[in-house]
Amino acid sequence: MEPSQENVVQAVVIMDLFNNNFSPINKTKPMGLLSVAGVPLIDHVLESLVLGGVGETILFCCQDGPKIKEHIKTTKQKKAPWSLTMDVQVIMSETCQTMGDVMREIDAAGLVRGYFVLLGVNSITNINFASLLEEHKLTCKKDKEAAMTLIYKRVSWEHPLIKNNKPLFLAADGNTNKVLIHEKTRSNNNILQLPLDCILSHSEAKLHHNLVDCNIALCSPSVLPLFADNFDFQTRDDFVNGVLINEEILASSLYYKILKENQYAAAITNWKTYQIISWDILHNWVYPLSIETGSFFQNNYIFMENYNFRKITSKLSRSCTLVEDVLIGADTEICDNTTITKTMIGNNCKIGNNVTLAGSQIMDNVTIKDNCKIINSFIDNNCVVNADALIENGTIVAENVNINAESKLKGAIIECSEEDKNEKNLVKSTSESGTEWENESDGSGDEEFVGFDKVWSDSESCYSSDSSAQSSLPESPVPEDTNIFLQEVIDSLARGYEEKMKCDYLILEINSSRYAYNIQLHEVNFFVIRAMLSMPILVDSKSVLITVKDILKFFRPILLNYIKTKSSIMDCLRAVEESCIKCDWLEGKAGQILHLLYETDVVDEDSLVEWYDDLKDNESPIVNQTSLVKFFEWLQEASEESEESE
């Protein structure tokens with residue numbers, strides 16, 4: 001074999017998930033062709049592999065192999081960037097029923113020469129595979145028994161990628177990163193047992209409970225024979241647990257690697273993580289992977305602020321409203337008085353008049369007629385939603401379905417059969433997380449179905465002061481990563497205010513900290529305001545309101561950069577509420593602070609009134625504060641005078 005071939009980095013991509021988490025969509029289309037942020041999932045994966053230094057990729061298909069093969073052929077003809085430098089083979093075998101079967105088939109066929117990258121088609125990442133594989137080889141030089149290095153991304157405990165999956169508890173040797181314990185538990189499991197010998201046998205032990213499993217592993221040549229020799233290894237978790245339990249018998253060990261702050265990796269495991277990762281791509285967290293990946297880096301999108309994008313050939317009515325996080329495909333038409341937020345729409349769609357779309361995924365060639373409302377739902381290709389229909393609560397509509405006019409669908413799976421469309425209701429499962437749904441007619445307790453959120457809120461925030469949060473976690477501490485992020489923002493703003501730095505530089509610092517700690521945008525909005533009202537200069541100020549006024553004036557460019565949509569304004573107002581509750585120097589001054597924000601056009605009257613009503617409903621500690629009551633009395637009088645003058 002030629003030396004040049006020996007140096008080529010190989011990757012194995014398993015194209016099947018071996019579960020029903022995306023049923024019924026995966027009955028008619030392979031997972032690799034599911035559109036994620038407007039791009040087929042396999043295109044994201046191949047682009048990430050070639051950018052990560054991979055030279056040869058094996059796509060192993062157990063189902064729908066011909067469709068994947070045809071897509072790869074078409075993509076090569078379009079001269080996709082990955083096709084110029086990376087060799088891609090599509091291997092098909094309908095006899096494989098598990099990931100373990102796939103590994104044994106690859107071993108028998110002799111398709112892999114040595115060290116290789118193993119990942120699923122559901123993995124989205126921008127990591128450098130080649131450099132990480134070299135790190136794994138160095139680990140193997142130190143430990144000849146090292147079989148696999150598992151890749152993880154550290155996030156805050158409250159991150160939705162952890163909340164919507166089984167959390168991982170990992171214990172490892174603090175000096176070598178050798179894995180000692182690897183357990184996936186339910187999110188409501190508060191007790192974990194740690195064997196005493198784990199502590200006594202190692203001078204330092206690291207414990208992790210906030211890692212996202214990216215479904216990516218760096219493998220030694222021994223991995224495939226281990227699968228071949230152990231037929232009870234059916235999944236990657238089986239392999240990991242088997243090696244840890246029988247480490248001495250199998251003469252193998254496992255290591256782990258936590259990605260750096262500027263690296264992104266996550267796996268699409270259910271409908272909720274599908275939604276989250278789609279938004280991450282839209283927000284450029286996975287750069288250089290982007291919504292342009294499927295266009296092969298042709299600039300086919302128009303940026304319309306607030307992370308709203310549309311293809312050049314799309315048509316939008318002047319009276320339609322795109323709020324935030326909206327993606328519109330080619331040749332799609334949006335008609336009059338339609339409102340869209342946090343929704344991705346495919347190609348050749350027709351959206352009628354007075355339609356509301358929120359938190360949803362609309363695929364290609366979908367027609368949605370007048371006065372429809374679709375919230376937190378998925379509509380597959382070639383569907384028709386007739387007038388006045390209501391689709392919400394995580395409804396999944398398979399392709400070619402015609403939804404009758406005035407239908408009301410809540411938490412349902414709708415698919416089309418030869419006789420008629422087949423509707424399966426979803427009922428809440430035994431999970432306490434509130435985001436897991438199971439098929440009523442399935443009867444299987446083994447499969448886990450995690451759907452879209454049941455209820456949509458465009459001002460949703462992990463740190464809102466709503467009644468449910470207060471009743472369940474009245475004294476809940478801020479998660480460590482977000483606490484560190486808040487302190488860093490306070491430090492940056494304090495230094496910038498003292499040294500009179502340009503606000504553009506401070507925005508870059510804030511965004512850098514946000515990226516480092518994986519902070520969501522609504523959290524950034526919240527903490528920027530909290531930081532401004534928590535600066536050290538306010539603690540010792542003899543005239544707090546004058547200082548606050550000067551701070552808001554100096555940082556106005558930062559305020560306008562983050563607080564510019566309805567949801568961000570609500571985040572801002574919640575931050576003011578929490579600051580006035582927790583900061584002694586702001587006691588009794590909520591009304592004056594709101595007046596300053598109102599005068600500088602940071603917050604609007606409608607949002608203020610809505611927020612004040614929420615304070616009353618939730619019996620906030622500041623709701624009867626004299627300055628607050630007087631401010632809203634003044635606001636009402638000013639509004640009435642304005643109406644009279646008109």
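The values are calculated or read from the model by the stated rules, or taken from the named source; none is laboratory data. Everything numeric here is computed off the predicted structure, so don't read it as measured data. We place every Cβ from the backbone using ideal geometry, glycine too, and count neighbours over all the protein chains shown. These area figures cover heavy atoms from the full protein model, side chains too; ligands, DNA and RNA do not enter into them. Shrake-Rupley method; radii C 1.70, N 1.55, O 1.52, S 1.80 Å.
Okay, here's what the table says:
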{"quantity": "Filtered residue count, the range 551-583, keeping only those that are open to solvent by 70 Å² or more (accessible area, probe 1.4 Å), over 19 Å from I519 (Cα atoms) and not hydrophobic (A, V, I, L, M, F, W, C)", "calculated": "4"}
{"quantity": "N518 being out of contact with any Asp or Glu (no Cβ under 9 Å at 6 or more places or on another chain), within 22 Å of L161 (Cβ to Cβ) and of a type outside the set (A, V, I, L, M)", "calculated": "no"}
{"quantity": "Residue match in the range 49-60 (condition: open to solvent by 30 Å² or more (accessible area, probe 1.4 Å) and in a loop (DSSP other than H, G, I, E, B))", "calculated": "yes"}
{"quantity": "All positions within the range 507-534 that are closer than 26 Å to I581 by Cβ and open to solvent by 20 Å² or more (accessible area, probe 1.4 Å)", "calculated": "R514, Y517, Q520, L521, H522, R530, S534"}
{"quantity": "Hey, L635 open to solvent by less than 30 Å² (accessible area, probe 1.4 Å) and within 31 Å of the chain's Cα centre (by Cα) or not", "calculated": "no"}
{"quantity": "Any hit, the range 366-384, residues being outside any strand (DSSP E or B), in contact with a Phe, Trp or Tyr (Cβ under 9 Å, 6 or more places away or on another chain), open to solvent by 10 Å² or more (accessible area, probe 1.4 Å) and not acidic (D, E)", "calculated": "no"}
{"quantity": "Residue count for the range 241-272, restricted to those that are assigned to a loop (DSSP other than H, G, I, E, B) and open to solvent by less than 30 Å² (accessible area, probe 1.4 Å)", "calculated": "5"}
{"quantity": "Residue under evaluation I510, criteria (1) at pLDDT 85 or above; (2) on the phi > 0 side of the Ramachandran plot; (3) not small (G, A, S), criterion not met", "calculated": "(2)"}
{"quantity": "Matching residues in the range 308-339 - criterion: being hydrophobic (A, V, I, L, M, F, W, C) and either farther than 22 Å from Q275 by Cβ or assigned to a loop (DSSP other than H, G, I, E, B) (or both)", "calculated": "I312, L316, C320, V323, A330, C335"}
{"quantity": "Residue check, Y152 touching a residue at least 24 places away in the same chain (Cβ under 8 Å), under 24 Å from S278 (Cβ atoms) and of a type in the set (S, T, Y)", "calculated": "yes"}
{"quantity": "Verdict on D197 being of a type in the set (D, E), open to solvent by 70 Å² or more (accessible area, probe 1.4 Å) and in a helix (DSSP H, G or I)", "calculated": "yes"}
{"quantity": "Selection status of E56, of a type in the set (D, E), free of Cβ contacts under 8 Å to residues at least 24 places away in the same chain and farther than 24 Å from K272 by Cα", "calculated": "no"}
{"quantity": "Every pair of residues 6+ apart whose Cβ atoms lie under 9 Å, when the first sits in the range 473-497 and is polar (S, T, N, Q) while the second is at pLDDT below 70 and buried (at least 16 other Cβ atoms within 10 Å of the Cβ)", "calculated": "T482/C462; T482/Y463"}
{"quantity": "Sole exception among (1) modelled with pLDDT of 95 or more; (2) buried (at least 23 other Cβ atoms within 10 Å of the Cβ); (3) under 18 Å from N306 (Cβ atoms); (4) not aliphatic (A, V, I, L, M) for T356, by number", "calculated": "(2)"}
{"quantity": "Test result for D504, acidic (D, E), surrounded by fewer than 21 Cβ atoms within 10 Å (Cβ to Cβ) and at pLDDT below 90", "calculated": "yes"}
{"quantity": "Among residues of the range 340-365, those that are out of contact with any Gly (no Cβ under 7 Å at 6 or more places or on another chain), outside any loop (DSSP other than H, G, I, E, B) and not polar (S, T, N, Q), counted", "calculated": "5"}
{"quantity": "Given (1) among the hydroxyl-bearing types (S, T, Y); (2) modelled with pLDDT of 90 or more; (3) within 21 Å of S220 (Cα to Cα); (4) assigned to a helix (DSSP H, G or I), number of the condition S4 does not satisfy", "calculated": "(2)"}
{"quantity": "Filter pass, L586 being open to solvent by 10 Å² or more (accessible area, probe 1.4 Å) and not small (G, A, S)", "calculated": "no"}
{"quantity": "Per-region count, the range 72-107, residues touching a Leu at 6+ places or on another chain (Cβ under 6 Å), part of a helix (DSSP H, G or I) and more than 21 Å from F231 (Cα to Cα)", "calculated": "1"}
{"quantity": "Scope the range 16-48; condition open to solvent by less than 10 Å² (accessible area, probe 1.4 Å) and of a type in the set (A, V, I, L, M, F, W, C); matching residues", "calculated": "F22, I25, L34, V36, A37, V39, L41, I42, V45, L46"}
{"quantity": "Residue satisfying all of: in the range 202-240; over 28 Å from the mean Cα position of the chain (by Cα) and part of a helix (DSSP H, G or I); surrounded by the fewest Cβ atoms within 10 Å (Cβ to Cβ) among these", "calculated": "D229"}
{"quantity": "Options D466, D458, D491; residue that is acidic (D, E) and either open to solvent by less than 30 Å² (accessible area, probe 1.4 Å) or modelled with pLDDT of 50 or more (or both)", "calculated": "D491"}
{"quantity": "Close pairs from the range 63-84: first at pLDDT 90 or above, partner open to solvent by 50 Å² or more (accessible area, probe 1.4 Å) and of a type in the set (D, E), Cβ under 9 Å, at least 6 apart", "calculated": "G65/E94"}
{"quantity": "When residues of the range 520-560 are limited to those that are among the charged types (D, E, K, R) and assigned to a helix (DSSP H, G or I), the one modelled with the lowest pLDDT", "calculated": "E523"}
